[in-house]
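Just below is one structure, and these are the notes that go with it.
The values are calculated or read from the model by the stated rules, or taken from the named source; none is laboratory data. Predicted model, so just to flag it, every value in this text is computed and none were measured. Heads up, the Cβs are rebuilt from the backbone with ideal geometry, glycines too, and the neighbour counts pull from every protein chain shown.
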Amino acid sequence: MYGHLKEFLQTELKSLEDQKLFKHERVIQSPQGAEITVKGKKCLNFCANNYLGLSSHPELIKAAHAGIEARGYGLSSVRFICGTQDIHTELEKKMSAFLGTEDTILFSSCFDANGAVFEPLLGPEDAIITDALNHASIIDGIRLCKGQRWIYNHGDMRDVEETDAATGKVGKGLERCLKEAQNCRFRIIATDGVFSMDGDIAKLKEICDLAEKYNAIVMVDDSHSSGFMGKTGRGTHEHCCVMGRVDIITTTFGKALGGASGGCISGHKEIIAWMRNKARPYLFSNTVAPAVVQATIKCVDILSQSTELRDKLESNTKLFREKMTAAGFDIVSGVHPIVPIMFGKYPNCSQLAVDFANMMLEEGIYVIAFSFPVVPRGKDRIRVQISAGHTIEHVNTAIEAFTRVGRKLKMI
């Protein structure tokens, strides 16, 4: 029975290899951090979501051990049966206070949170209006829901409908979608707070203004923002000065907030109560493990007491962006620690990006090439991610290595 499928998969896998699109996994032989070991060689890591350098922080490791000692390894249960401990409710309260919301519900991941949020709230008579570049987890969550769907051109707030001359596809702005959805019962605007491939920030002020004008609610996935965006690190709603105007925030504990696993939905208390009763990934998945919960509590405590880490991250990001631009690289402008180095204007850009990343590893810098289908064809890149765990010397060493390799490959 497997024969035909096996032949198909072998052919397709070879095609991926031939196109240099097969994703080979490098094996790390050390804890996650600014400095890691790969194939027995120490190198600097510039592609982790470890924005605040907390993934192997000694205080979080200590808290995780304490969580296991005090509350065990796992719960062997979902929350509503016998899977809720005092530390779970403690973390939910701390996340609500940190994000400035009324209540919070935990999930095994933010992918699960985004998979849960739409279906319980919206039916066929409702509208979901989503940014064209939203994360796959938002897309999958919307697919699970029977609500009507509108997709607006990435970051386009206008009341327009335009046809792309190259593709013939019709695209719309957010206001046009909202106008078309006015006959629906409920309307929700869904967006990433920060879009992970370009590091660009959603126009939350304009989105919230339009939501109020057209009686919609706003949902933001802040996975690449929580802990460091905004003056005190609350996220893009703080960065864009719309705290209290975003109705639903989803985020992860697997990036800046410790880097292990887990996520949450945070927002109005009625929405969270509804999720506790109706959200399938919550009702039918094991509760978050005590070690992760306790370490995340410690993480939130650290970030609530001081902005030192987010301030250092901001400084490192500014330094890297300024010097890489001065060196002549084509980078996507912005302020976020995601810094894409673009290859699309060069011949054979997919191969060039892969070659560049491999040469960087030889220089002792760990970065990864991103190609189709992770990014559109012709938008190949190396996505650099800066961390508060990096020293100024780490950042300068990476810039020097980028410059050497860029010159060897005649990019600069």
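Give the residues of region 315-337 that are surrounded by fewer than 19 Cβ atoms within 10 Å (Cβ to Cβ) and either under 13 Å from Gly227 (Cα atoms) or among the acidic types (Asp, Glu) (or both), sorted by residue number.
Matches in region 315-337: Glu322, Asp330.
Check whether at least one residue in region 267-278 is under 30 Å from Ser333 (Cα atoms), among the β-branched types (Val, Ile, Thr) and touching a residue at least 12 places away in the same chain (Cβ under 8 Å), and report yes or no.
No, every residue in region 267-278 fails to be under 30 Å from Ser333 (Cα atoms), among the β-branched types (Val, Ile, Thr) and touching a residue at least 12 places away in the same chain (Cβ under 8 Å).
Consider region 358-381. How many of its residues are within 17 Å of Ile412 (Cβ to Cβ) and surrounded by fewer than 20 Cβ atoms within 10 Å (Cβ to Cβ)?
Summing the residues that are within 17 Å of Ile412 (Cβ to Cβ) and surrounded by fewer than 20 Cβ atoms within 10 Å (Cβ to Cβ) in region 358-381 gives 2.
Pull up region 162-203, narrow it to residues that are acidic (Asp, Glu) and touching a residue at least 12 places away in the same chain (Cβ under 8 Å), then point me to the one that is surrounded by the fewest Cβ atoms within 10 Å (Cβ to Cβ).
Glu180
Does any residue of region 103-122 turn out to be more than 25 Å from Asn49 (Cβ to Cβ), at pLDDT 95 or above and part of a strand (DSSP E or B)? So that I can check it myself, show each step before the final result.
At the first step, the residues of region 103-122 found to be more than 25 Å from Asn49 (Cβ to Cβ) are 103, 119-122.
The next check asks that each one be at pLDDT 95 or above; those that pass are 103, 119-122.
After this cut, where a residue has to be part of a strand (DSSP E or B) as well, the list is 103.
Yes: region 103-122 contains one or more residues that are more than 25 Å from Asn49 (Cβ to Cβ), at pLDDT 95 or above and part of a strand (DSSP E or B).
Got a sec? Which strands (runs of 3 or more DSSP E) wholly within region 210-325 have at least 3 residues that are farther than 30 Å from Ser77 by Cα and either modelled with pLDDT of 95 or more or β-branched (Val, Ile, Thr) (or both)?
none
Here is a check on your reading of the model: is Leu5 surrounded by fewer than 11 Cβ atoms within 10 Å (Cβ to Cβ), over 24 Å from the mean Cα position of the chain (by Cα) and of a type in the set (A, V, I, L, M)?
Numbers: surrounded by fewer than 11 Cβ atoms within 10 Å (Cβ to Cβ): yes; over 24 Å from the mean Cα position of the chain (by Cα): yes; of a type in the set (A, V, I, L, M): yes.
When the stated conditions are applied, Leu5 passes them.
When you go through Glu25, Glu69, Glu7 one by one, which is the residue that is in the same structural domain as Gly233 (by TED's automatic domain parsing) and either more than 30 Å from Val384 (Cα to Cα) or modelled with pLDDT under 95 (or both)?
Glu69
If you go through region 153-162 one residue at a time, do you hit one that is at pLDDT below 95 and either under 30 Å from Thr232 (Cα atoms) or β-branched (Val, Ile, Thr) (or both)?
yes
Which of the residues spanning region 343-369 are in a loop (DSSP other than H, G, I, E, B) and of a type outside the set (Asp, Glu)? Let's see the steps before the verdict.
Initial filter on region 343-369 (in a loop (DSSP other than H, G, I, E, B)): 343-348, 363-364, 367-368.
Those that are in a loop (DSSP other than H, G, I, E, B) and of a type outside the set (Asp, Glu): Phe343, Gly344, Lys345, Tyr346, Pro347, Asn348, Gly364, Val367, Ile368.
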